[in-house]
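Peer 1: Dropping the structure in here first, questions after.
The values are calculated or read from the model by the stated rules, or taken from the named source; none is laboratory data. These figures come from a predicted structure and were not determined experimentally. Note that each Cβ is placed from the backbone with ideal geometry, even for glycine, and that neighbours are counted across all protein chains shown. To get the accessible areas, we keep the full protein, side chains included, count just its heavy atoms, and leave off ligands, DNA and RNA. Shrake-Rupley method; radii C 1.70, N 1.55, O 1.52, S 1.80 Å.
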Amino acid sequence: MLRAAIVVLAVVLAVSSCKKKEEEKTTPTLGGSVDFSCSQFIGPGETVEFPRPKGIIHQEGKPYGVKWMVTPVPMKEDRVSISEDGSVDSLFKYTFPDSLGTYTVICNAFASGYYSVSSTKKVTVVKGGYDDGTLQYRDMPSYDGTDTDSRDQEVYRYVNIGGMKWMQRNLHYAGLGKPYQDCKAMCDVSGMFYSWDEAMKACPQGWKLPTLEQWKSVKGTLEGVAGDFLTFASCNGENIMEWWPDVKINNSTRLSIVFFGYSNLSAGTFEGIASKAAFWTADKLDDKYAKYIYILDNHTDILEGKGDIESFGATVRCVSAD
């Protein structure tokens, strides 16, 4: 009797297990994909509004819910917003912490009887400035003075080289140009990316865009001196670039150049971060092109290039007579 009961029980459990597996296999997933946009970089304490995501499809045309989460989070009550009715806006508002770092925004769409679909985006909190900002140098270089841009009250440190003052950081005047990835919070971190025409007008009063010869005059040559212009730096504690043994990085010029790349302004793309730095010169070649200098992470020379004056976006260092 006992043996028969055990056999019956085993059969029942097996049937139940098969049914459960069959149900699991046939449970549908919400259609489409979760598509939402957000800025890649924001400032400390900035509040961001995330509207209802697009691209989600309920196969039966019924409402679905949307759940948001930001991780890691300092306060549980700030992390989730749920809309049970697919017809509403499903707005999620979140105030990011003051702490610099990268956060993950998760959007999850769900409906009864369906597997959920989700999508994630990374958002990095950044801050400008010399002392407590995102950009930090391994060895903080000395400087010879400061100058304030009267247009926006931004303060620039400078170093004296050969009778000229050179800005120690990339120009970040936001009245012209574009910030990295079109994120305003990156303006004072990477500097702005300017077309040549913009670069010629962007420097503060009393400052100007340097010529190719003025770049050469810093060390007397552009050959074999890349390491004298470069510095080891980090963004929110992470190294910006790799170290190549042939490039002896020593920052002897104190210009403290960091690899923030360049931009195709017409396409709205940014390239070369962590591997290239590009700076406009005041030398125009013709109606279409002007000269710029660039530094690669694996090359000992500072190189010359020509860029389209309208579509090529480079960073700027300004100079002034000492």
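Peer 1: Please tell me which of these pairs span more than 30 angstrom C-alpha to C-alpha: 178/288; 121/288; 67/178; 178/208?
Peer 2: 121/288; 67/178
Peer 1: Which order do you get for 54, 208, 216 if you rank them by accessible area with a 1.4 Å probe, largest at the top?
Peer 2: From most exposed to least exposed: 54, 208, 216.
Peer 1: Further question on the same structure: If I stretch the segment between residue 289 and residue 271 completely, what's the gain in nm (0.36 nm per residue apart, minus their alpha carbon distance), one decimal? Walk me through the intermediate numbers first.
Peer 2: Working: separation 18, 0.36 × 18 = 6.48 nm, distance 1.95 nm.
Going from the current span to full extension adds 4.5 nm.
Peer 1: Further, regarding this structure: So what is the 222 nm mean residue ellipticity for the chain from helices alone, if each DSSP H run of at least 4 adds -39500 (n - 2.57) and you divide by all residues, rounding to the nearest 500 deg cm²/dmol?
Peer 2: After summing the helix terms and dividing by residue count, I get -4000 deg cm²/dmol.
Peer 1: Counting only protein heavy atoms and a 1.4 Å probe, tell me what percentage of the chain's accessible area is made up of carbon and sulfur.
Peer 2: 50
Peer 1: Return one whole number: the accessible area per residue of the chain in Å², for a 1.4 Å probe.
Peer 2: Here the per-residue accessible area is 51 Å².
Peer 1: For region 256-322 and region 125-140, what is the separation of their Cα centres, given in Å?
Peer 2: Each part's Cα centre sits 22 Å from the other's.
Peer 1: What percent of all Cα-Cα pairs in region 246-287 falls in each 10 Å bin, counting up from 0?
Peer 2: Pairs per bin, as whole percents: 21, 41, 29, 8.
Peer 1: For the full complex of protein chains and a 1.4 angstrom probe, list 263, 116, 150, 311 by accessible area with the highest value first.
Peer 2: Largest accessible area first, the list is 150, 116, 311, 263.
Peer 1: Which GluC sites (Glu not before Pro) in region 221-322 sit in a loop by DSSP (not H, G, I, E or B) and have at most 15 other Cβ atoms within 10 Å of their own Cβ?
Peer 2: Hits after loop and neighbour filter: 223, 242, 310.
Peer 1: Hey, what angle do you get for helix 2-26 against the long axis of the chain, alpha-carbon based, 0 to 90 degrees rounded to 10?
Peer 2: For 2-26 against the chain, the angle is about 40 degrees.
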